[in-house]
Structure formats: C-alpha cells, structure tokens
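Peer 1: Okay, here's the structure, questions in a sec.
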Amino acid sequence: VLPFLENKNILVTGATGFLAKIFVEKILRVQPNILKIYLLLRAADDKSASQRLQNEVTEKDLFRVLKENLGSNFNSFLTQKIVLVVGDISLGEDLGVKEPKLRQEMWSQLDVIVNLAATTNFDERYDVALGTNTLGAKHVVCFAKKCAGLIPEAPYTFKDTLNGVSGLDIDEEKLIVQKKLNEFKTEEATDESITEAMKDLGLKRLVHNCRTVDGFTLAYAKGRLKFFFVNAKGVVDVIPADMVVNGMLVAMAAHATQPSLSIYHIGSSKRNPITYSEFRDYNFTYFKRRPWIGRNGEPVKVGRRMKMLGSTSIFHTYMFFRYSLKLKAIAFTNSAFGKNSHSKYGDLKRKVNFMMRLMKLYKPYLFFSGIFDDQNTGKLQMAARKNSEEEAHLFYFDPQAIDWEDYFLNAHFPGVVKNIRK
C-alpha cells in the first residue's frame with residue numbers, strides 16, 4: 001500500500017464528509033510522499049472552500065496526531081499536498097468544476113478517484129438524493145473516463161437490482177422529479193412545503209440511505225426512545241470507519257497493476273456478527289453508568305433496556321394502547337369539559353409522530369435478514385499479510401479482531417457523546 005500511494009495524485013469527492021476525512025488523514029499520516037490529494041467540496045469560491053476545509057476537516061481532533069508529528073510544519077505540509085477543488089458531483093459530468101485549466105490538470109494527472117460524496121440524510125429530499133447519490137455517481141464515472149487510465153467499477157449490469165426485481169429507470173425517476181418541481185412552481189409553493197413534499201416523494205420512491213445506528217443511541221440516551229420495533233435476533237452489520245478506509249487503501253494498491261472488477265464487503269455480519277439485542281444491551285450498560293446530561297444540567301436516567309417489538313402489527317397495537325387512546329382521552333376532555341390541555345396534547349402528538357416517522361424510515365433495515373459474504377475481502381486480507389506483516393498491521397481491517405462490548409463501551413459511545421456535545 002505505502003509504495004503504491006507514493007507520488008500518486010488522488011481525487012476525493014465529498015471532502016468534508018465523515019469517511020472522506022478519515023481517508024485523507026490516514027493517507028497524509030502514513031504516506032507523506034503522496035504527491036497531491038485533490039479535494040472536491042461545495043463552496044461559493046476558493047476562500048469559502050478553504051474556510052470549510054479548515055473548520056470541518058483539518059481543525060478536527062482527527063488530525064491531532066498528524067499535527068503533533070509535523071509541529072509547526074503542519075499548515076505548510078497541507079498547502080503542499082492538498083488541492084482544493086470547488087465543485088459538486090450533482091452538477092454534471094465536469095463535477096461543477098468551473099476552471100478549465102484545473103479540469104485539464106486533473107484529467108492528465110489523476111491516478112485514483114475515490115467517490116465519497118453522498119447525502120447520508122435519512123430524511124433527504126428526493127431530488128437532492130437522486131442528484132447526488134445516483135446521478136452524482138454517474139457523473140464521477142463520466143469524469144473518470146476522461147482521465148488518462150481507468151479501472152472500471154460496475155457491480156451491477158443495467159437494470160439489475162439487489163432483490164431481483166427489475167424496473168428501475170433513472171431517466172423516468174428524473175422526469176418524476178422534474179414534473180413535481182414544475183407543479184410546485186406553478187402552484188407558487190413555499191420552499192418549506194417543497195422540501196417536505198420532496199421528502200415524502202423520496203419515501204414513496206424508496207431512496208433510502210441509513211445514516212448510522214447512532215440516531216437510536218442518542219434518542220435512547222436522552223430518554224426519547226424507550227421502545228422500538230425490530231427483530232431482536234437480527235444482525236446489524238456495523239464496522240468501524242477506519243477499517244473501511246484501510247480496506248479501501250489495500251484494495252487500491254492490490255489492483256493498481258492488475259485491474260479487475262472486484263467487489264469487497266467490509267463489514268461484520270459474517271465474520272463477527274452483533275445482534276440488535278446485544279446492541280440494545282450495550283446502550284443500556286453505557287448510559288446507566290454514564291447518563292446523558294440534559295439541558296437542565298441533570299442526568300437522564302435510563303431505568304431499563306429498550307423494549308423491542310418484533311413486528312409491525314405488534315408495534316401498531318402498542319402505539320394504539322400506549323398513546324392513541326391517551327390522545328383521544330385528552331381531546332375528549334378538552335372538548336367536553338373545556339379543559340386547556342393543548343400543550344400536553346401537542347407534546348404527546350409530536351412524540352407519536354416522531355415514533356411513526358422513525359418506524360417508516362428504518363423499517364427496511366431493522367428487519368433486513370441478509371448476511372454479506374466477504375470471501376473477496378478475506379483473500380485481500382491474506383494477500384496483505386503475505387506481502388507485508390508491517391503493512392497488514394498498519395492497514396488492518398479484519399472484523400474478527402473486534403470485541404464489540406469493549407468497542408461500544410470504550411470507543412464508540414464515548415466518541416458519539418463527545419462529538420454531539422461539541
């Protein structure tokens with residue numbers, strides 16, 4: 001990996017994103033002889049781009065070790081190695097890069113393109129999600145084809161789908177989006193109403209991209225989530241992001257001189273599975289020991305483990321008896337006796353709406369029963385160890401080494417709390 005990265009030019013999209021930051025930091029830390037890392041990010045101009053890079057990337061704790069290693073040379077090192085590129089992958093096959101000279105430079109110099117630009121908002125507008133996660137990926141491929149040298153990546157042939165049900169037509173989806181936006185324009189709809197309507201359209205068209213399980217963790221820690229519907233014995237495929245980055249780097253080096261179409265699943269569901277029930281228990285253990293501190297400065301007590309409802313029907317029955325009846329009782333009391341409990345009714349109604357929306361959003365994932373095969377990844381790990389024990393340790397990505405209880409209690413949950421507090 002290290003010799004492969006030496007004197008290479010790499011374009012990274014989604015530069016301020018979660019995974020991209022880890023990817024860039026790892027390269028800069030372990031291979032200072034990288035030639036250039038071009039970082040594509042959205043900004044109004046170069047000055048704004050530089051400010052975003054500093055505020056959202058290089059000033060984060062993630063770069064602490066690199067700063068300590070380089071000392072006063074840190075900023076000059078970044079200036080030497082990083083080229084900021086103002087652009088947006090959703091804007092077309094030139095990735096929104098307006099400077100012709102810069103585009104030509106990248107087309108002639110780039111060795112590797114790593115596309116990490118995506119909207120990971122689980123509740124995203126459909127036009128935004130389609131433009132970035134689908135058309136954006138297509139634009140990156142088109143941009144890559146203009147470069148001198150390309151390792152093609154095509155995990156599915158045209159119209160193939162994971163569940164075997166064909167019929168997805170991207171051009172048709174684009175027409176649906178445009179038709180909706182035209183309707184809103186004719187109706188002179190507000191930006192707020194357009195945003196909500198496009199989110200709903202996304203749910204109907206099933207463009208889903210689950211952020212992480214941390215939403216559940218925070219909702220539970222803050223006392224907002226005491227139950228949910230999920231298959232308690234289901235496997236949640238979770239993996240630390242640094243292992244994903246290590247696997248990406250090893251795969252890049254492995255195929256540098258032997259291009260081939262290879263897909264690598266870097267996950268845990270086959271080699272070191274963790275169930276939703278275990279994840280629930282780790283949440284309880286951690287936040288019982290170290291409660292979340294609320295806005296009033298008081299610790300939020302988690303009295304028990306989250307209740308897990310094993311089917312949609314059980315969930316709806318639970319919601320009816322636990323909340324719907326109470327809402328009807330409050331509404332009746334307000335109407336019949338002139339009671340003024342509108343605040344209580346509104347709070348409860350918002351809670352119900354919150355739970356119903358979570359159910360709708362996460363349903364495809366919480367009852368997903370697939371296990372991701374990782375034979376190719378296993379072979380990649382063996383090849384890395386055979387090539388260099390030192391590099392195999394530096395770029396480690398074997399999930400079997402993870403002690404999930406230790407990981408969640410001593411690394412993941414403390415990290416989530418620390419970053420949310422910031």
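Peer 1: Taking amide H atoms as placed 1.01 Å from N in the peptide plane, list the residues 5 or more away in sequence, or in a different chain, whose amide H sits under 5 Å from that of T119.
Peer 2: Amide H neighbours of T119, under 5 Å, 5+ apart: N133.
Peer 1: Still on this structure: Let me know the volume per residue of the alpha-carbon convex hull for the chain, in Å³. Write out the running numbers ahead of the final one.
Peer 2: On the way: hull volume 81.1 nm³, N = 422.
Output value, Cα hull per residue: 192 Å³.
Peer 1: Separate question: Distance cut-off 24 Å, Cα to Cα: go down the list K222/K360; K47/K185; K60/K199; K146/K386; K288/K349 and report the pairs above it.
Peer 2: Working: K222/K360 21 Å; K47/K185 33 Å; K60/K199 31 Å; K146/K386 35 Å; K288/K349 28 Å.
Listed pairs above 24 Å: K47/K185; K60/K199; K146/K386; K288/K349.
Peer 1: Please report the carbon-and-sulfur percent of the accessible area for the chain; probe 1.4 Å, protein heavy atoms only, DNA, RNA and ligands left out.
Peer 2: Values: 12490 of 23930 Å².
Carbon and sulfur atoms account for 52 percent of the accessible area of the chain.
Peer 1: According to the square roots a ≥ b ≥ c of the eigenvalues of the Cα gyration tensor, what is the shape class of the range 355-422, taking rounded for a/c under 1.5, prolate for a/b larger than b/c otherwise, and oblate for the remainder? Before the final figure, lay out each step's value.
Peer 2: Details: a/c = 3.28, a/b = 1.51, b/c = 2.16.
Oblate, because a/c is 1.5 or more while a/b does not exceed b/c.
Peer 1: Counting alpha carbon pairs within less than 8 Å and at least 6 residues apart, what relative contact order, in whole percent, applies to the range 49-128? Write out the running numbers ahead of the final one.
Peer 2: Details: 23 pairs, mean separation 14.0, N = 80.
Worked out over the range 49-128, it gives 18 percent.
Peer 1: Give me P(r) over the range 383-422, computed from all C-alpha to C-alpha distances, binned every 5 Å, as integer percentages.
Peer 2: Bin by bin from 0 Å, the calculated values are 6, 21, 16, 15, 14, 14, 9, 4, 1.
Peer 1: For the range 303-422, how big is Rg over Rh, using alpha carbon atoms and the Kirkwood form of Rh? Present the calculation step by step, with values, prior to reporting the outcome.
Peer 2: Details: Rg = 24.0 Å, Rh = 19.7 Å.
My calculation of the ratio gives 1.22.
Peer 1: Which ³J(HN,Hα) values, rounded to whole Hz and listed in residue order, are derived for the range 108-120 from phi using the Karplus coefficients 6.51, -1.76 and 1.60 in 6.51 cos²θ - 1.76 cosθ + 1.60 with θ = phi - 60°, glycine and proline given as x?
Peer 2: 8, 10, 5, 9, 9, 10, 10, 8, 10, 7, 6, 8, 9
Peer 1: Can you list residues whose amide H is under 5 Å from I82's amide H, if they're 5+ apart or on another chain and H is modeled 1.01 Å from N?
Peer 2: Distant-sequence amide H within range of I82: I37.
Peer 1: Now, a different point. log₁₀ I(q)/I(0) of the range 1-137 at q = 0.10, 0.13 Å⁻¹, via Debye over equal Cα point scatterers, no solvent, to two decimals?
Peer 2: -0.33, -0.56
Peer 1: Can you list the HN-Hα couplings for the range 348-354, worked out from phi with the Karplus curve (6.51, -1.76, 1.60; θ = phi - 60°), rounded to whole Hz and with x for Gly and Pro?
Peer 2: The phi angles translate into 5, 5, 5, 5, 5, 4, 4 Hz.
Peer 1: Among S369, S76, S90, determine the one that fluctuates most according to a GNM of the chain built with springs between C-alpha atoms less than 10 Å apart.
Peer 2: S76
Peer 1: So, by mean Cβ neighbours within 10 angstrom, what's the order for 227-233, 346-352, 295-301 with the highest one leading? Before the final figure, lay out the partial values.
Peer 2: On the way: 227-233: 18.3, 346-352: 13.0, 295-301: 9.4.
Listed from highest to lowest mean packing, they are 227-233, 346-352, 295-301.
Peer 1: Next question. Karplus couplings for the range 176-190 from phi (6.51 cos²θ - 1.76 cosθ + 1.60, θ = phi - 60°), rounded to Hz, Gly and Pro as x?
Peer 2: 4, 4, 5, 4, 4, 5, 5, 4, 5, 5, 5, 7, 6, 5, 6
Peer 1: Still on this structure, please answer the following. Tell me whether the range 53-127 comes out rounded, prolate or oblate; compute the Cα gyration tensor, take square roots of the eigenvalues as a ≥ b ≥ c, and use a/c under 1.5 as the rounded threshold.
Peer 2: Working: a/c = 2.71, a/b = 1.31, b/c = 2.06.
The shape class here is oblate.
Peer 1: Could you tell me the relative contact order of the chain? Use alpha-carbon pairs under 8 Å, at least six residues apart, and round to a whole percent.
Peer 2: Relative contact order of the chain: 16 percent.
Peer 1: Beyond a 26 Å Cα-Cα separation, which of these cross-linked pairs lie in this structure: K67/K138; K174/K351; K81/K101; K301/K351? Don't skip to the answer; put the middle values down first.
Peer 2: Details: K67/K138 36 Å; K174/K351 35 Å; K81/K101 19 Å; K301/K351 19 Å.
The answer is K67/K138; K174/K351.
Peer 1: For a test of the definition: using alpha carbon positions, the gyration tensor, and the 1.5 limit on a/c, classify the range 286-330 as rounded, prolate or oblate. Walk me through the numbers before you get to the answer.
Peer 2: Numbers: a/c = 4.42, a/b = 1.69, b/c = 2.62.
Verdict is oblate for the range 286-330.
Peer 1: List every residue whose amide H lies under 5 Å from the amide H of F229, counting only residues 5 or more places away in sequence or on a different chain, with H placed 1.01 Å from N in the peptide plane.
Peer 2: Amide H neighbours of F229, under 5 Å, 5+ apart: L309.
The values are calculated or read from the model by the stated rules, or taken from the named source; none is laboratory data. Not measured: the values here are computed from a predicted model. Positions of Cβ are generated from backbone atoms using ideal geometry, with glycine treated the same way; all protein chains shown enter the neighbour counts. To get the accessible areas, we keep the full protein, side chains included, count just its heavy atoms, and leave off ligands, DNA and RNA. Shrake-Rupley method; radii C 1.70, N 1.55, O 1.52, S 1.80 Å.
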